[in-house]
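One structure below.
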Amino acid sequence: MKTSCKYLRSSLGKKYLMAVTGTVLVLFVTGHMVGNLQIFLPPEAINRYAHFLQGNLELLWPVRLIMLAAICLHGWSAVTLWAENKAARPVGYYGNPTPLAASVASRTMILGGVVVAAFLGYHLLHYTVKLESIHGAPVWFADLKTPEGLPDVYAMIVAGFSVWYVSLFYVLGVGALCLHLSHGVQAMFQSLGLRNHVYAPCIKCAARALAVALFLGYAAVPTSVAVFGHGKAHLNEIVQKAAAAKAAAGELRK
Ligand code: HEM
């Protein structure tokens, strides 16, 4: 135990930890995008999926805890490695502060990570905690219910992205995530010792293709709602039903 803790605190151990936690996060982000694309199916599809997850706490909580641990360990190893590198080379390479081969993504890994963390913080308050004061939509997420009285996640997503600046923020957030990922996936292979000069071009190509696919998949959701009005008819129907139910409850109380 003591030896493995010592290994994880070494530079090599931290690089390994970043690669393993990065793999977990990439798998989650890919699965989550596929789940979100159900917004392009009838509302029952994404609602069924969300109710399945919300109703299986023995599945939901282990996944949440693994994700939380992966995010914390990934952030901790990134920041400590960055600080160690900075301390070892405080003034950079004289006359050539950034190596020529460094891409925008590789030079902005720490900044990109902070932006993605901030985006994730907002996203969790927006759709998981459903904090009504931060979404800017003219409806209450808590009022959006299916005929069975369960949360209408489809209507909630449409209501959330009907606010143009929230949609724009999401597109920029997932843009930052995908830029971060395009370099991160290549670094992951390097840290795991799976990248050599033969495979490097393929890994680079695959990492960029994955980043572009994730960007298009994620950005399609806010864009389709904010620009093309996707799902608005369903949202209007649910809002009208909620208003009618509230009015009827008010009548009953009189
Ligand atoms: C257009 C983009 C996205 C949409 C529409 C979306 C949608 C959602 C929704 C509706 C939930 C709540 C699920 C529920 O409680 O039923 C959720 C939760 C979550 N999302 Fe996203 N998401 C998007 C992008 C992202 C990205 C880019 C990440 C990662 C960086 C992410 C990470 C998470 C996490 C960690 C949760 C919490 C899961 C839980 O424990 O309940 N999402 N998302």
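Read-outs: derived from the displayed coordinates by stated rules, not from any lab. What you see is a predicted model, and the numbers here were worked out from it, not measured in a lab. For neighbour counting, all protein chains shown are included, and Cβ atoms are generated from backbone atoms with ideal geometry for every residue, glycine included.
For the pair residue 64/residue 206, report the inter-label distance in nm, with labels modelled 7 Å from Cα in the Cβ direction.
Computed distance between label sites residue 64 and residue 206 equals 3.4 nm.
Find how many whole Å separate the alpha carbon centroid of the stretch 185-254 from the alpha carbon centroid of the stretch 1-79.
16
Quote the relative contact order of the chain in percent (integer), defining contacts as alpha-carbon pairs under 8 Å separated by 6+ residues.
25
Pop the C-beta distance of residue 72 and residue 232 into the FRET formula with R0 = 45 Å and round what comes out to the nearest 0.05.
With a Förster radius of 45 Å, E is 0.70.
Tell me the label-point distance for the pair residue 134, residue 168, using the 7 Å Cα-to-Cβ offset, in nm and rounded to one decimal.
It works out to 2.0 nm between the two label points.
Which residues' amide hydrogens lie under 5 Å from the amide hydrogen of residue 145, considering only partners 5 or more residues apart or on another chain, with H built in the peptide plane?
For residue 145, the qualifying residues are 152.
Only helices at least 24 Å long along their own axis, judged from Cα atoms, and with Kyte-Doolittle mean hydropathy of 0.5 or greater: name those in the chain from DSSP H.
In the chain, the long hydrophobic H runs are 11-36, 57-88, 164-191, 200-228.
Using label points projected 7 Å from each Cα along Cα→Cβ, tell me how many nm separate residue 245 and residue 56, to one decimal.
Once both label points are built, they end up 2.6 nm from each other.
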